[in-house]
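As structure tokens, the structure follows; a few thoughts come after it.
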Amino acid sequence: MANINKLIKQLKDDDPAKREEAILALGELRDMRAVEALIKVVNQDNTENRTYAIKSLSEIGDHRAIETLIFCLMDNVENIRLSAARGLGKFSSPQAISSLLISLRKDPKVSIKSRVALSLGSIGSELAVEDLLKEAKLEHPASLLYTIDTALKMIAKNNGFETVEELVHSVIDKKNKLKIKTPETEQEREKEEIVNLPNLWPYIRKYVVEQLEGIQTILSVESDAKSAEKKITDILGEKFWKFTEFMSSKMGLKFSEYQSTLLWQMAWDTSKPIRSEIFQMIKDQQIEEAELDKHQAWLDEIEEEKDKQEEIAGEAVMEIDGVIFDIPVPDEVETISDEIAETLKDRPVSPSPYKPAIRASTPKDVAEKSSGAELARSISGDIEQIMKKYSNWKGKVEEEDELAKFWVDTE
């Protein structure tokens, strides 16, 4: 395995090619220990290596890189802005969304506007819909209009809509309902006000992780993405009103209904990387369980044939999956079963990123590994592992225990 410390040290090598090699290697390893060193590369190295470092930071996906990538959106070098726009598409932070929207409106280069639009589509937040629609009505080149349409389709799919028209109708409907209490011009002002609140994003991240801790006790391998998403929504919403009160008190600002709605959308968007990993893990587990069921079916077929042969004297013939075996006298049935198991052991199970692929080496192994209890323990451990990955979101605000104390005070 590559030595992380050695690669980080190599980032200071006098040879640009050596630095490039280390930058790319660190991106492939996705080790969060490299984040601060790569940020320095973005700020100090040549244009090519800065571009590679931006890519590596986006591959690692640590939120500490967001501020640096946002700053790069304003760089004088077009390739740096383009790389930053692409990299921010890996983050669902409201801070990233807000900065990309500014770049969509103000960057003079069509290529960068197009890349920004696709990154907003990749993030999939409804917060970007209105701005994308406004840009779609302007006189832009066909290539940019196409990417804007593509981005809107990506956002529609991410939010469970069949078409862009359904997405737009939903967004406009929500806005019109809020217009009754908050006129459109006032909404723009209130949106700007909440987006510019200091320390807003760290507090949102902290809230999201604290709410989702322990979620492995609620989800199971039987959960599909839809039911898992509903449970996550319920968990995030359970204390959201308290979080809104806390932020209002902390920032000295009484949130309007519109601002509270925006705050919820920001919290939901922030939870996306956690949700995505959990959904993928559940999908992988379900595939694995289905493959184990197939192995168990093969095992049952073998056992059924063994039972039949115990009643047969002399020789017989058995066919499984097109393979014909000579079945001797009952005393040798166990040997034949092992031979059949040998033919099955090369049937691979779809690999999961959270655990190695399972192969059926013997009927006994299959039976043990297909245990429902084993799968339940596995999914619980995998979700716990995912949450540990994001645990550093909790300690990035001033007065670290202030939020937790607020929960107690408002119970």
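Odds and ends about this structure:
- Reachable lysines from Lys308, criterion Cα separation under 24 angstrom, eight or more residues apart if same chain: Lys294, Lys345, Lys364
- Label positions at Ser380 and Leu197, each projected 7 Å from the Cα along the C-beta direction, are separated by 3.6 nm.
- Rounded, prolate or oblate (a/c below 1.5 giving rounded, otherwise prolate when a/b exceeds b/c) for region 132-180 by Cα gyration tensor: oblate
- The gain in end-to-end length when the Ala142 to Asp13 segment is fully stretched comes to 42.0 nm, 0.36 nm per residue minus the alpha carbon separation.
- Taken one residue at a time, the phi angles of region 69-82 give Karplus couplings (6.51, -1.76, 1.60, θ = phi - 60°) of 5, 5, 4, 5, 5, 9, 5, 6, 8, 4, 5, 5, 4, 5 Hz. Gly and Pro are set to x.
- Loop-located GluC sites (Glu not before Pro) in region 105-139 (DSSP state not H, G, I, E or B) with no more than 12 neighbouring Cβ atoms inside 10 Å: Glu139.
- Angstrom value of the Kirkwood radius, inverse mean 1/r, which spans all Cα pairs in region 98-234: 17.1 Å
- You can think of it this way: the chain between Lys106 and Lys388 has 97.7 nm of extra reach, that is 0.36 nm per residue less the Cα-Cα gap.
- Links that overshoot a 29 Å alpha carbon limit, given the list Lys134/Lys174; Lys283/Lys388; Lys175/Lys226; Lys40/Lys230; Lys226/Lys250: Lys40/Lys230; Lys226/Lys250
- Cα gyration tensor shape for region 73-150, rounded if a/c is under 1.5, else prolate or oblate: oblate
- Note, ³J(HN,Hα) from phi for region 381-386, Karplus 6.51, -1.76, 1.60, rounded to Hz, x at Gly and Pro: x, 5, 5, 4, 4, 4
- Estimated FRET transfer efficiency (Lys294, Lys177; beta-carbon r; R0 41 Å; 0.05): 0.25
- A simple spin-label model places the labels of Glu166 and Glu186 3.3 nm from each other, with each point 7 Å out along Cα-to-Cβ.
- Electrostatic tally near Thr182: other residues with Cβ closer than 14 Å to its Cβ, Lys and Arg +1, Asp and Glu -1, net +1.
- When the P(r) is computed for region 4-182, the part past 30 Å accounts for 26% of the Cα-Cα pairs.
- Förster radius 45 Å - calculated FRET efficiency between Met74 and Lys6, Cβ distance, rounded to 0.05: 0.85
- Shape call, region 1-65: gyration tensor on alpha carbons, a/c limit 1.5: oblate
- Zone of Thr47's modelled label, taken as backbone nitrogen in region 100-124 under 17 Å from a point 7 Å along Cα→Cβ: 108-112
No lab work stands behind these numbers, since they all come straight from the coordinates. Predicted, not measured: the structure shown is a model, and the values here were computed from it. Neighbour counts run over all protein chains shown; Cβ positions are idealised from the backbone, glycine included.
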